[in-house]
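Just so it is clear, none of the values below were taken in a lab; they were calculated from the coordinates. Being a predicted model, the structure only gives us computed values, none of them experimental. Every residue, glycine as well, gets a Cβ built from its backbone with ideal geometry; the counts of neighbours run over all protein chains shown.
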Amino acid sequence: MDTLNLGFSENVLRILRLNNSAEIVFKDEIDLGFNMNDEEYLRKNRDELVFSFTEKLSDVLKYETLEINEASILIDTSQTFLNIFPLDFQEDQGSINSHILWELSNYFPDNYKEFNIKYYRLNNKYLSGGIDEVLLIAVDKNKIEFIKNLCNGSGIKIKSVDIDQFVVERCIKEIYQAELNDKTVLLVGCKNSRLDFSLIKDGKIKYYDYENAGTTNFKTLLAKQMNFFNSMFNEDNAGTIFLYGDRNSEVVKNFFNEEFEKLPVILIDPFDKTNRDENLSKYSPLYGLALKNFD
C-alpha cells in the first residue's frame, strides 16, 4: 500500500510518497504562507489557514492518480519541548512518570497536562548508581490538533506523528548500513535557524542538544558542540557525521570537512544520489518516517 508522508517545518510543507515496495514515487514542497511556530497567529487565523492549506495541498496532489486518505505526519524539533535531566531509574515506573511530569510542570506550570510526552534513557556512564540522564520530548496537544484540522480539511486522516531528528536514523540504517557497523554516529539537523545534535551508539541516543542560531555564526556553534563531545565522550567519539536539512547543511558539511579531515561527513541522500544539483537531504526525515511505517 502506498504511503503519504507530510512534514511540517516552520513555513514549509514537504510531501513524500512511497509505493508498496518502499520506493519513492513522489516528492514536493510548498510554502505554507505561515510559520508553524507562531502559536498566536495560528490560533487567531485557524479557519483561514485550513482553507488555504487545503487549496495548496490539493493543487500539488491534483496530478496524483492514486487517492490516499491517510498520512503520517512529521514535525521538526522547533515545534517541541526538549530537555535533558537526571532521573533515578531504581524507582518504580509510577514514581518515574511522576518525576517526568513534575519536570515538565516547572516549565509549563499552567498547562503541563496538555502535552504528549515521550522520553529516552541516555545510558550514560558518568552518573552514579541507578541515576541516568533522560531526554524528555513533549509536544503540545494543541499543535497536533491544529495539524489535524489542516489535514481533515483535505480529507486526510493522521496515521501517526513523529519528530524529524528522531526518525532520520531509520533512513541512515536503510541507506548507509556499511558506514554504521556499530560505530558511534553524530547526527546533525541543519535547519534555517537551528542546529540539532544527536550522538547515537548501537542504535540508541546517548546525547542530544540543540542551538538556536539567531545572529550567531554557525561555525561558532558547531565548534562549541564538538569541543563538548571531545571532553565528555572520549570513549565514544563519532566515527561518522551524518547531516540533513535546509540550505545550511552545505555550510555545516564544509565546516566539518575543513576541521575534521579524517572524519567521514555524509550529507544524507534518500534518492540514491540521482540529483547532485539539489540538496535532497531535507527529505531524509520523511523517508525515515515512511520506512518506519513499513517495519
(request) Search the structure for amide H atoms under 5 Å from the amide H of residue 9, placed 1.01 Å from N in the peptide plane, and list their residues when 5 or more places away or on another chain. (result) 14
(message) Could you work out [θ]222 nm for the chain from helices alone, using -39500 (n - 2.57) per DSSP H run of at least four and dividing by all its residues? Round to the nearest 500 deg cm²/dmol.
(response) -10500 deg cm²/dmol
(request) Only Lys, Arg, Asp and Glu count, each charged at its Cβ (+1, +1, -1, -1), so figure out the dipole size of the stretch 24-130 about its Cα centre, rounded to 20 debye. (result) 400
(message) Past 26 Å, Cα to Cα: identify those pairs from 44/113; 27/262; 118/157; 118/191; 56/173; 44/148, in the order given.
(response) 27/262; 56/173
(message) Please give the charge dipole size of the chain, origin at the Cα centre, charges +1 on K and R Cβ atoms and -1 on D and E Cβ atoms. Round to the nearest 20 debye.
(response) 120
